[in-house]
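A short worksheet on the structure shown next.
The values are calculated or read from the model by the stated rules, or taken from the named source; none is laboratory data. Since we're looking at a predicted model, the values are computed, not measured. Here Cβ is always computed from backbone atoms with ideal geometry, including for glycine, and neighbour counts include all displayed protein chains.
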Amino acid sequence: MFNVAENNFYIGQKSSIFNVEFAKQVRKFHYQLEDYQPTPLISLPLLAEKLSVRSILVKDESKRFGLNAYKALGGSYALGRLLAQYLNIDIAEIDLKTVATKLDKPLVFTTATAGNHGTGIAWAAQKMGQKAVVYMPQGSPLASAERIRRLDAECIITDVNYDDTVRLANKTAEENGWILVQDTAWEGYEEIPTWISQGYMTMPDEAIEQAAAMGADMPTHVMLQAGVGSMAGGVLGYLVDKLGAGSFQTIIAEPATADCIFRSGTSAQGDMVNVSGKLNTIMAGLACGEPNPVTWPVLKDCSNYFARVDDNVSALGMRVLGNPLLGDTRVISGESGAVTLGLLYQLCSDVSSKDSHKELGLNKESVVMIFNTEGDTHPSRYRDIVWNVKY
């Protein structure tokens, strides 16, 4: 059902681009967005007691901007940086309410997405008076495409996998003079993916602030999900700078069928390893076969463990969060959002996992922080999993 492997390349090196200093600038930008407010940090004390850990803290990104996912944090910050660059002003000087009036015509931003990133780009473009064209890989649910179209963006579902869809979006952008806003990087295309990952640092900045306000101890364990690793790298870089590398253990989880981060972290030299094919998994937002080279160094240097999990682990997490013990708060979590809670539950409750549980140092003193990165973005499948016990 899952495999956990220690990161032999860990050195605890702080990042020069994902840290508290940049997070302050990012959060200041997000304050400008009229819909901005911190998402909840939810404590699940009864589940923590059941799993024999001190506390479980869930950052619930299903409440972000009314979009049911966290991705607009990165997309909006990247668009803000691009518009500031286009107008030759500093990001701190940009006024999102008037920026469209300073352009002769709207800029066109394009991207490839499994759903949530494209929604974030479409939302940000709409808020800033710009245009968006979004490409989705084969098998993408029509509900996700329609969600993007309702934000006044054009959305095209392709007949290739996610990584090939990224290449198609890039090619189309070059041919049309559009601006590609992609959350993964390659040689010659690093600046925009860096901005996107920096945009995600608002999440942990809020979470640490909220944990302190509620009197909670700082996390001893942080569990992060990865597709290409953009979110995981940005969040981990911030936390290492804020809390200190040796103060907590980090587990990076991803689908077993799209385990490029796991394979990279367990390779002979720690080099990036790509995974090809259809990458079939219910965790559509994590179905990525090529690590982001911008954030891979952070994951390589600062992750303690890598995990690859089957779909039933994510489905379990969705059911546990959506049907809490009486007294705990209900959390609506989608397939990509619940994988870390599912893994935690398995590690702490499955007798066959006792060796991994012990190795990770999970015990009655553990404070576990996870990030619910999406809600029920695919409502019919959510019901199939939570009501009908699919997967």
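How do the helices (runs of 4 or more DSSP H) wholly within the stretch 146-244 filter down when requiring 3 or more residues that are over 16 Å from the mean Cα position of the chain (by Cα) and modelled with pLDDT under 95: which remain?
Ranges flagged: 162-176.
Residue by residue through the stretch 152-179, note down the ones that are in contact with a strand residue (DSSP E or B) (Cβ under 7 Å, 6 or more places away or on another chain) and among the acidic types (Asp, Glu).
Answer for the stretch 152-179, where residues must be in contact with a strand residue (DSSP E or B) (Cβ under 7 Å, 6 or more places away or on another chain) and among the acidic types (Asp, Glu): just 154.
Can you give me the number of residues within the stretch 251-267 that are more than 19 Å from residue 162 (Cα to Cα) and within 15 Å of the chain's Cα centre (by Cα)?
2
Consider residue 224 against the criteria (1) crowded, with 21+ Cβ neighbours inside 10 Å; (2) farther than 18 Å from residue 15 by Cα: it satisfies all of them except one. Which criterion is unmet?
Looking at each condition in turn, residue 224 falls short on (2).
With respect to residue 239, is the statement that it is more than 30 Å from residue 383 (Cβ to Cβ) and either surrounded by fewer than 22 Cβ atoms within 10 Å (Cβ to Cβ) or hydrophobic (A, V, I, L, M, F, W, C) (or both) true?
Taking the combined requirement at face value, the residue satisfies it.
Checking the structure you have, find out if any residue of the stretch 44-59 is over 28 Å from residue 328 (Cα atoms), more than 20 Å from the chain's Cα centre (by Cα) and of a type outside the set (Lys, Arg).
No, that holds for no residue.
Just the residues that are under 30 Å from residue 217 (Cβ atoms) and not in a strand (DSSP E or B), please, taken from the stretch 55-71.
61, 62, 63, 64, 65, 68, 70, 71
Starting from residues that are assigned to a loop (DSSP other than H, G, I, E, B) and without any contact (Cβ under 8 Å) to a residue 60 or more places away in the chain, keep the ones in the stretch 249-271 and report whichever is surrounded by the most Cβ atoms within 10 Å (Cβ to Cβ).
259
This table checks each residue for (1) modelled with pLDDT of 95 or more; (2) over 28 Å from residue 113 (Cβ atoms); (3) polar (S, T, N, Q).
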position: 251; (1), (2), (3): yes, no, no
position: 257; (1), (2), (3): yes, no, yes
position: 261; (1), (2), (3): yes, no, no
position: 268; (1), (2), (3): no, yes, no
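For the list (1) hydrophobic (A, V, I, L, M, F, W, C); (2) more than 16 Å from the chain's Cα centre (by Cα); (3) at pLDDT 95 or above, I need the number of the one condition that residue 351 fails.
Of the numbered conditions (1) hydrophobic (A, V, I, L, M, F, W, C); (2) more than 16 Å from the chain's Cα centre (by Cα); (3) at pLDDT 95 or above, the odd one out for residue 351 is (3).
If I filter the stretch 101-112 for residues that are at pLDDT 95 or above, touching a His at 6+ places or on another chain (Cβ under 7 Å) and farther than 18 Å from residue 26 by Cα, do I get at least one hit?
So far as the stretch 101-112 goes, yes, one or more of its residues are at pLDDT 95 or above, touching a His at 6+ places or on another chain (Cβ under 7 Å) and farther than 18 Å from residue 26 by Cα.
Being surrounded by fewer than 16 Cβ atoms within 10 Å (Cβ to Cβ), touching a Ser or Thr at 6+ places or on another chain (Cβ under 7 Å) and of a type outside the set (D, E, K, R) narrows it down to one residue among 126, 138; which is it?
Unique residue meeting the criteria: 138.
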